[in-house]
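The values are calculated or read from the model by the stated rules, or taken from the named source; none is laboratory data. Values in this document were obtained by computation on a predicted structure and should not be read as measured data. Cβ: placed from backbone, ideal geometry, glycine included. Neighbour counts: every protein chain shown. Side chains included, ligands, DNA and RNA excluded: accessible areas come from the protein's heavy atoms. Shrake-Rupley method; radii C 1.70, N 1.55, O 1.52, S 1.80 Å.
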Amino acid sequence: MQLIDFLPEPVALVERADRVVAMGGYNTVCEVLSFEKHALIVPRVRPGGEQWIRAQRMRELGLLRVLHPDRLTPRALSGWLAADLGPPPSIRSRVDFGGLTRIPGMMADLIGGRADCPPQPEPLPARMARR
């Protein structure tokens, strides 16, 4: 086991890991989920609660485990690391990571146009176009 306090680009390490213990930031959770790793999320609960909310929702979906930071102890962490967690969670069949490819179509639907034909701006009124 190797403990790393901070890593600016953790993707390669997460990809090779069997398990991941991490905080519950948006990017971190997305990266862990995208690699379908067993994860124990210990989210920040102060000053804001967005990490806790995100972690709780992912736990409710059965995608990861969550430990409140007030309950983080060597025993709790050791117990999770020693537990037989079974096969890695099947996440891609339940979480859609293709949002970026759908944005043009969603925007076209929103503004009433077609995704492959971006709407043209309306021409300026004649009195404004002369300026």
### Task
Order the peptides 10-18, 39-47, 60-68 from the highest to the lowest mean number of other Cβ atoms within 10 Å of their residues.
39-47, 60-68, 10-18
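Starting from the Cα gyration tensor of the chain, multiply each eigenvalue by 5, take the square root, and state the resulting semi-axes largest first in whole Å.
Three semi-axes, in Å: 43, 17, 14.
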### Query
If you place +1 on the Cβ of every Lys and Arg, -1 on the Cβ of every Asp and Glu, and leave all else neutral, what size is the dipole of segment 17-89 about its Cα centre, to the nearest 20 Debye?
240
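Ordered by packing density, taken as the mean number of other Cβ atoms within 10 Å over each peptide's residues, highest first, how do 96-108, 24-36 rank? Intermediate values should be presented prior to the final figure.
On the way: 96-108: 10.7, 24-36: 17.2.
So the peptides 96-108, 24-36, ranked by packing, come out 24-36, 96-108.
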### Evaluated over segment 57-118, the Cα radius of gyration and Dmax, each in Å
19.9, 58
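Find the accessible area per residue for the chain; the probe is 1.4 Å, ligands and nucleic acids are left out, and the unit is Å².
76
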#### Entry: Inter-probe distance in nm under a simple model that places probes 7 Å from Cα toward Cβ, at ILE53 and GLU15
3.3
